[in-house]
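Peer 1: Sharing a structure, written as C-alpha coordinates. Questions coming.
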Amino acid sequence: MAKKNQTNSKKKNSKKKGGKKAWKGFLVIIAAMLIVSIVKMFADDNTSPSTYSQIEGIEKVVVPEGVSNEIVHYEGFTVYFNRDTHIPNCTVYELTTNEAQATGKRQDNFQQDPSVEGCPTLDDYKYSGYDRGHLVPAGDMKWSEQAMSDCFYLTNMLPQKQALNSGAWNQLEQKVRNWAVRDSALIVVTGPILSKYDWNTTIGDSRVVVPSRIFKAVLAPYANPIRAIAFVYPNKKAEGSLADHAVSIDNIENATGLDLFSALPDDIEDKIEASCDFKEWNATRTKAKKKSAK
(Lines give C-alpha, C1' and ligand atoms only; values in the text may rest on other atoms or scores of the structure.)
Protein backbone atom coordinates (compact mmCIF):
# COMPACT_ATOMS: atom_id res chain seq x y z
CA MET A 1 0.00 0.00 0.00
CA ALA A 2 2.83 2.37 0.80
CA LYS A 3 4.26 2.05 -2.68
CA LYS A 4 0.84 2.69 -4.24
CA ASN A 5 0.35 5.87 -2.20
CA GLN A 6 3.78 7.09 -3.25
CA THR A 7 2.92 6.54 -6.90
CA ASN A 8 -0.34 8.48 -6.55
CA SER A 9 1.54 11.35 -4.89
CA LYS A 10 3.97 11.60 -7.80
CA LYS A 11 1.07 11.76 -10.24
CA LYS A 12 -0.54 14.61 -8.29
CA ASN A 13 2.74 16.57 -8.22
CA SER A 14 3.12 16.04 -11.94
CA LYS A 15 -0.35 17.51 -12.54
CA LYS A 16 0.48 20.54 -10.36
CA LYS A 17 3.66 21.21 -12.32
CA GLY A 18 1.77 20.96 -15.60
CA GLY A 19 -0.82 23.43 -14.34
CA LYS A 20 1.87 25.93 -13.37
CA LYS A 21 3.47 25.68 -16.82
CA ALA A 22 0.09 26.30 -18.52
CA TRP A 23 -0.58 29.31 -16.29
CA LYS A 24 2.85 30.79 -17.06
CA GLY A 25 2.23 30.31 -20.77
CA PHE A 26 -1.12 32.09 -20.47
CA LEU A 27 0.56 35.07 -18.75
CA VAL A 28 3.17 35.28 -21.51
CA ILE A 29 0.40 35.40 -24.14
CA ILE A 30 -1.44 38.17 -22.27
CA ALA A 31 1.77 40.20 -21.90
CA ALA A 32 2.51 39.85 -25.61
CA MET A 33 -1.01 41.03 -26.49
CA LEU A 34 -0.58 44.10 -24.28
CA ILE A 35 2.74 44.98 -25.91
CA VAL A 36 1.19 44.71 -29.38
CA SER A 37 -1.70 46.96 -28.30
CA ILE A 38 0.67 49.61 -26.95
CA VAL A 39 2.80 49.57 -30.11
CA LYS A 40 -0.33 49.86 -32.25
CA MET A 41 -1.59 52.81 -30.18
CA PHE A 42 1.58 54.81 -30.85
CA ALA A 43 1.58 53.81 -34.51
CA ASP A 44 -1.91 55.16 -35.20
CA ASP A 45 -2.01 57.64 -38.10
CA ASN A 46 1.76 57.27 -38.51
CA THR A 47 2.18 60.05 -35.96
CA SER A 48 4.19 58.45 -33.20
CA PRO A 49 5.42 61.19 -30.82
CA SER A 50 9.02 60.55 -31.74
CA THR A 51 8.43 60.52 -35.49
CA TYR A 52 8.60 64.25 -36.23
CA SER A 53 10.12 65.85 -33.14
CA GLN A 54 13.71 65.32 -34.26
CA ILE A 55 13.32 66.40 -37.89
CA GLU A 56 16.24 68.58 -38.90
CA GLY A 57 15.09 72.10 -39.66
CA ILE A 58 11.70 71.79 -37.97
CA GLU A 59 12.21 75.32 -36.54
CA LYS A 60 13.14 76.79 -39.93
CA VAL A 61 10.87 79.51 -41.34
CA VAL A 62 10.97 80.31 -45.05
CA VAL A 63 10.68 84.06 -45.73
CA PRO A 64 9.35 85.21 -49.15
CA GLU A 65 11.89 86.25 -51.74
CA GLY A 66 12.39 90.00 -51.94
CA VAL A 67 11.65 90.57 -48.26
CA SER A 68 14.54 91.98 -46.23
CA ASN A 69 15.64 89.22 -43.88
CA GLU A 70 18.67 88.68 -41.66
CA ILE A 71 18.73 85.50 -39.60
CA VAL A 72 20.16 86.26 -36.15
CA HIS A 73 20.86 83.39 -33.74
CA TYR A 74 20.69 84.14 -30.05
CA GLU A 75 20.87 81.84 -27.04
CA GLY A 76 17.71 79.74 -27.20
CA PHE A 77 15.94 81.48 -30.10
CA THR A 78 16.30 82.84 -33.63
CA VAL A 79 15.19 86.19 -35.04
CA TYR A 80 14.37 86.74 -38.72
CA PHE A 81 15.02 90.48 -38.73
CA ASN A 82 13.81 92.97 -41.34
CA ARG A 83 16.09 96.03 -41.62
CA ASP A 84 13.47 97.88 -43.71
CA THR A 85 10.67 97.66 -41.13
CA HIS A 86 13.13 97.62 -38.16
CA ILE A 87 11.14 94.77 -36.58
CA PRO A 88 11.34 90.99 -36.98
CA ASN A 89 9.62 89.15 -39.79
CA CYS A 90 9.24 86.54 -37.05
CA THR A 91 11.02 84.79 -34.19
CA VAL A 92 11.19 81.05 -33.52
CA TYR A 93 12.30 78.85 -30.63
CA GLU A 94 11.67 75.54 -28.91
CA LEU A 95 10.16 75.66 -25.42
CA THR A 96 10.52 72.50 -23.31
CA THR A 97 8.75 71.54 -20.11
CA ASN A 98 11.81 72.30 -17.97
CA GLU A 99 12.36 75.66 -19.66
CA ALA A 100 8.71 76.65 -19.20
CA GLN A 101 8.96 75.88 -15.48
CA ALA A 102 12.30 77.66 -14.90
CA THR A 103 12.42 80.38 -12.26
CA GLY A 104 15.31 82.61 -13.31
CA LYS A 105 15.15 86.35 -12.69
CA ARG A 106 13.93 88.83 -15.31
CA GLN A 107 16.68 91.28 -16.30
CA ASP A 108 14.94 94.20 -18.09
CA ASN A 109 18.16 95.21 -19.83
CA PHE A 110 16.63 96.57 -23.05
CA GLN A 111 19.39 97.31 -25.56
CA GLN A 112 20.17 97.88 -29.21
CA ASP A 113 22.04 95.15 -31.05
CA PRO A 114 24.71 97.15 -32.96
CA SER A 115 25.71 94.08 -34.96
CA VAL A 116 22.34 93.96 -36.75
CA GLU A 117 21.68 96.53 -39.48
CA GLY A 118 18.44 98.42 -38.95
CA CYS A 119 18.08 97.57 -35.27
CA PRO A 120 16.13 100.37 -33.54
CA THR A 121 17.51 102.45 -30.69
CA LEU A 122 16.06 102.93 -27.24
CA ASP A 123 15.19 106.51 -28.21
CA ASP A 124 12.93 105.26 -30.99
CA TYR A 125 10.49 103.93 -28.39
CA LYS A 126 10.65 106.90 -26.00
CA TYR A 127 7.38 108.85 -25.78
CA SER A 128 6.04 106.80 -28.70
CA GLY A 129 2.94 105.56 -26.93
CA TYR A 130 4.01 101.95 -27.53
CA ASP A 131 5.65 99.30 -25.38
CA ARG A 132 8.78 97.48 -26.46
CA GLY A 133 6.82 94.30 -27.06
CA HIS A 134 8.77 91.04 -26.82
CA LEU A 135 8.16 88.44 -29.51
CA VAL A 136 10.19 85.86 -27.56
CA PRO A 137 8.89 86.57 -24.05
CA ALA A 138 11.22 86.94 -21.09
CA GLY A 139 9.03 84.45 -19.23
CA ASP A 140 10.15 81.71 -21.64
CA MET A 141 13.86 82.47 -21.24
CA LYS A 142 14.21 82.09 -17.46
CA TRP A 143 16.20 78.89 -17.92
CA SER A 144 19.37 80.77 -18.98
CA GLU A 145 20.89 84.11 -17.96
CA GLN A 146 22.27 84.53 -21.48
CA ALA A 147 18.94 83.73 -23.13
CA MET A 148 17.21 86.15 -20.77
CA SER A 149 19.68 88.90 -21.64
CA ASP A 150 19.47 88.20 -25.38
CA CYS A 151 15.67 88.42 -25.47
CA PHE A 152 15.94 92.11 -24.43
CA TYR A 153 17.70 93.08 -27.66
CA LEU A 154 15.46 95.41 -29.67
CA THR A 155 15.76 92.98 -32.57
CA ASN A 156 13.27 90.90 -30.57
CA MET A 157 10.79 93.77 -30.16
CA LEU A 158 8.03 95.50 -32.03
CA PRO A 159 5.86 98.49 -31.04
CA GLN A 160 2.95 97.06 -29.06
CA LYS A 161 0.07 98.80 -27.36
CA GLN A 162 0.32 98.46 -23.59
CA ALA A 163 -3.33 97.35 -23.35
CA LEU A 164 -2.47 94.28 -25.45
CA ASN A 165 1.02 93.68 -24.06
CA SER A 166 -0.12 93.45 -20.44
CA GLY A 167 -3.54 92.00 -21.22
CA ALA A 168 -4.60 89.31 -23.68
CA TRP A 169 -1.11 88.87 -25.15
CA ASN A 170 0.36 88.18 -21.72
CA GLN A 171 -2.39 85.63 -21.08
CA LEU A 172 -1.54 83.88 -24.35
CA GLU A 173 2.15 83.70 -23.37
CA GLN A 174 1.22 82.10 -20.06
CA LYS A 175 -1.00 79.59 -21.87
CA VAL A 176 1.86 78.62 -24.17
CA ARG A 177 4.03 77.83 -21.14
CA ASN A 178 1.26 75.65 -19.73
CA TRP A 179 0.95 73.81 -23.04
CA ALA A 180 4.72 73.27 -23.18
CA VAL A 181 4.55 71.57 -19.78
CA ARG A 182 1.67 69.39 -20.97
CA ASP A 183 3.15 68.46 -24.37
CA SER A 184 6.86 68.08 -23.38
CA ALA A 185 7.94 70.73 -25.93
CA LEU A 186 6.55 73.26 -28.39
CA ILE A 187 7.93 75.09 -31.40
CA VAL A 188 6.79 78.72 -31.13
CA VAL A 189 6.76 81.22 -34.00
CA THR A 190 5.72 84.85 -33.40
CA GLY A 191 5.61 87.88 -35.67
CA PRO A 192 3.74 90.84 -37.14
CA ILE A 193 1.05 90.78 -39.79
CA LEU A 194 1.56 93.92 -41.87
CA SER A 195 -0.97 95.48 -44.15
CA LYS A 196 0.08 97.96 -46.84
CA TYR A 197 -1.23 100.76 -44.63
CA ASP A 198 0.96 99.78 -41.66
CA TRP A 199 4.05 101.16 -43.39
CA ASN A 200 2.60 104.64 -42.89
CA THR A 201 2.54 104.23 -39.09
CA THR A 202 6.03 104.42 -37.62
CA ILE A 203 7.82 105.55 -34.46
CA GLY A 204 11.18 107.19 -33.80
CA ASP A 205 13.86 108.53 -36.08
CA SER A 206 14.46 105.00 -37.35
CA ARG A 207 10.84 104.88 -38.54
CA VAL A 208 10.05 101.59 -36.81
CA VAL A 209 6.91 100.17 -38.45
CA VAL A 210 3.93 99.59 -36.16
CA PRO A 211 2.00 96.41 -37.12
CA SER A 212 -1.77 96.40 -36.89
CA ARG A 213 -1.86 92.71 -36.00
CA ILE A 214 0.45 90.19 -34.29
CA PHE A 215 0.43 86.39 -34.54
CA LYS A 216 1.73 83.47 -32.52
CA ALA A 217 1.87 79.94 -33.97
CA VAL A 218 2.61 76.81 -31.93
CA LEU A 219 3.49 73.28 -33.00
CA ALA A 220 3.42 70.27 -30.65
CA PRO A 221 5.84 67.80 -32.29
CA TYR A 222 5.63 65.32 -29.40
CA ALA A 223 1.83 65.18 -29.28
CA ASN A 224 0.14 62.09 -30.66
CA PRO A 225 -1.05 62.98 -33.20
CA ILE A 226 1.17 65.95 -33.97
CA ARG A 227 -0.80 69.21 -34.15
CA ALA A 228 -0.52 72.97 -34.48
CA ILE A 229 -2.60 76.10 -33.97
CA ALA A 230 -2.15 79.87 -34.22
CA PHE A 231 -3.58 83.06 -32.75
CA VAL A 232 -3.97 86.57 -34.18
CA TYR A 233 -4.50 89.71 -32.09
CA PRO A 234 -5.06 93.32 -33.10
CA ASN A 235 -2.41 95.69 -31.79
CA LYS A 236 -4.75 97.21 -29.22
CA LYS A 237 -6.92 96.06 -26.35
CA ALA A 238 -8.27 92.68 -27.44
CA GLU A 239 -11.84 91.62 -26.84
CA GLY A 240 -13.10 88.06 -26.54
CA SER A 241 -11.56 84.82 -25.34
CA LEU A 242 -8.44 83.02 -26.48
CA ALA A 243 -10.59 80.74 -28.62
CA ASP A 244 -12.01 83.77 -30.44
CA HIS A 245 -8.53 84.59 -31.75
CA ALA A 246 -7.53 81.07 -32.80
CA VAL A 247 -6.79 80.51 -36.50
CA SER A 248 -5.08 77.88 -38.63
CA ILE A 249 -1.42 77.95 -39.65
CA ASP A 250 -2.63 78.32 -43.24
CA ASN A 251 -4.29 81.57 -42.21
CA ILE A 252 -0.97 82.93 -40.91
CA GLU A 253 0.95 81.85 -43.98
CA ASN A 254 -1.60 83.45 -46.32
CA ALA A 255 -1.47 86.72 -44.36
CA THR A 256 2.33 86.93 -44.06
CA GLY A 257 3.80 84.92 -46.93
CA LEU A 258 5.90 82.96 -44.42
CA ASP A 259 6.24 79.19 -44.71
CA LEU A 260 6.13 77.60 -41.24
CA PHE A 261 7.17 74.05 -40.29
CA SER A 262 8.16 73.32 -43.89
CA ALA A 263 10.50 70.51 -42.84
CA LEU A 264 7.54 68.28 -42.00
CA PRO A 265 6.42 65.70 -44.58
CA ASP A 266 4.00 67.39 -46.98
CA ASP A 267 0.99 65.23 -46.07
CA ILE A 268 1.43 65.91 -42.34
CA GLU A 269 2.17 69.60 -42.90
CA ASP A 270 -0.94 70.06 -45.05
CA LYS A 271 -3.14 68.32 -42.49
CA ILE A 272 -2.03 70.13 -39.35
CA GLU A 273 -1.76 73.56 -40.98
CA ALA A 274 -5.36 73.45 -42.17
CA SER A 275 -6.71 72.53 -38.73
CA CYS A 276 -7.95 74.95 -36.08
CA ASP A 277 -9.60 73.01 -33.27
CA PHE A 278 -9.07 75.06 -30.12
CA LYS A 279 -11.09 72.66 -27.95
CA GLU A 280 -8.86 69.74 -28.94
CA TRP A 281 -5.70 71.82 -28.59
CA ASN A 282 -6.66 73.10 -25.15
CA ALA A 283 -7.53 69.64 -23.77
CA THR A 284 -5.93 68.92 -20.41
CA ARG A 285 -4.49 65.55 -21.33
CA THR A 286 -2.73 64.45 -24.50
CA LYS A 287 -0.76 61.40 -25.53
CA ALA A 288 2.83 62.56 -25.65
CA LYS A 289 6.32 61.23 -25.24
CA LYS A 290 8.40 63.07 -22.67
CA LYS A 291 11.26 65.14 -24.05
CA SER A 292 14.53 65.14 -22.19
CA ALA A 293 15.80 68.49 -20.93
CA LYS A 294 18.33 70.46 -22.94
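The values are calculated or read from the model by the stated rules, or taken from the named source; none is laboratory data. Please read all numbers here as calculations on a predicted model, not as lab measurements. Counting neighbours? That spans all protein chains shown, and the Cβs are built from the backbone with ideal geometry, glycine included. Protein only, heavy atoms only, side chains kept; ligands, DNA and RNA dropped before computing areas. Shrake-Rupley method; radii C 1.70, N 1.55, O 1.52, S 1.80 Å.
Peer 1: Set Lys and Arg Cβ to +1 and Asp and Glu Cβ to -1, take the dipole of the stretch 72-210 about its Cα centre, and tell me which of M148, H134, H73 lies farthest positive.
Peer 2: H134
Peer 1: Another one. Calculate the spin-label point distance for Q162 paired with D277, positioning each point 7 Å from the Cα along the beta-carbon direction, and give it in nanometres.
Peer 2: Modelled inter-label distance: 4.2 nm.
Peer 1: Could you work out what % of the accessible surface of the stretch 166-294 is carbon and sulfur, using a 1.4 angstrom probe and leaving DNA, RNA and ligands out of the count?
Peer 2: Here carbon and sulfur together make up 45 percent of the probe-accessible area.
Peer 1: Among all the aspartates and glutamates, which ones have a C-alpha under 13 Å from K161's C-alpha, if same-chain residues fewer than 8 places away are not counted?
Peer 2: D131
Peer 1: Principal axis lengths of the stretch 163-294 from Cα atoms, whole Å, largest first?
Peer 2: Its Cα atoms span 49, 32, 31 Å along the three principal axes.
Peer 1: Given the stretch 121-186, report the % of alpha carbon pairs whose separation exceeds 15 Å. Let's see the in-between values first.
Peer 2: Numbers: 1241 of 2145 pairs.
It works out to 58 percent of all Cα pairs.
Peer 1: Scale the Cα Rg of the stretch 94-135 by the rule-of-thumb value 2.2 N^0.38 Å and send over the ratio, two decimals.
Peer 2: Normalised Cα radius of gyration, the stretch 94-135: 1.57.
Peer 1: If packing is taken as the average number of other Cβ atoms within 10 Å across a peptide's residues, how do 243-250, 61-68 rank, most packed first?
Peer 2: Per-residue Cβ counts within 10 Å, averaged per peptide and sorted highest first, yield 243-250, 61-68.
Peer 1: Taking one equal scatterer on every alpha-carbon of the stretch 82-198, how large is log10 of I(q)/I(0) by Debye at q = 0.19 1/Å?
Peer 2: -1.09
Peer 1: Let me ask something additional. Sorting check: for 251-264, 162-175, 108-121, 209-222, which peptide has the highest mean count of neighbouring beta carbons within 10 Å, and how do the rest follow?
Peer 2: 209-222, 251-264, 162-175, 108-121
Peer 1: Calculate, for Q101 and T284, the FRET efficiency according to 1/(1 + (r/R0)^6) with r their C-beta to C-beta distance and R0 22 Å; round to the nearest 0.05.
Peer 2: 0.80
Peer 1: Expressed as a whole percentage, what fraction of the accessible surface of the stretch 108-148 belongs to carbon and sulfur atoms when a 1.4 Å probe is rolled over the protein heavy atoms?
Peer 2: Using a 1.4 Å probe with all protein chains present, the stretch 108-148 comes out at 43 percent carbon and sulfur.
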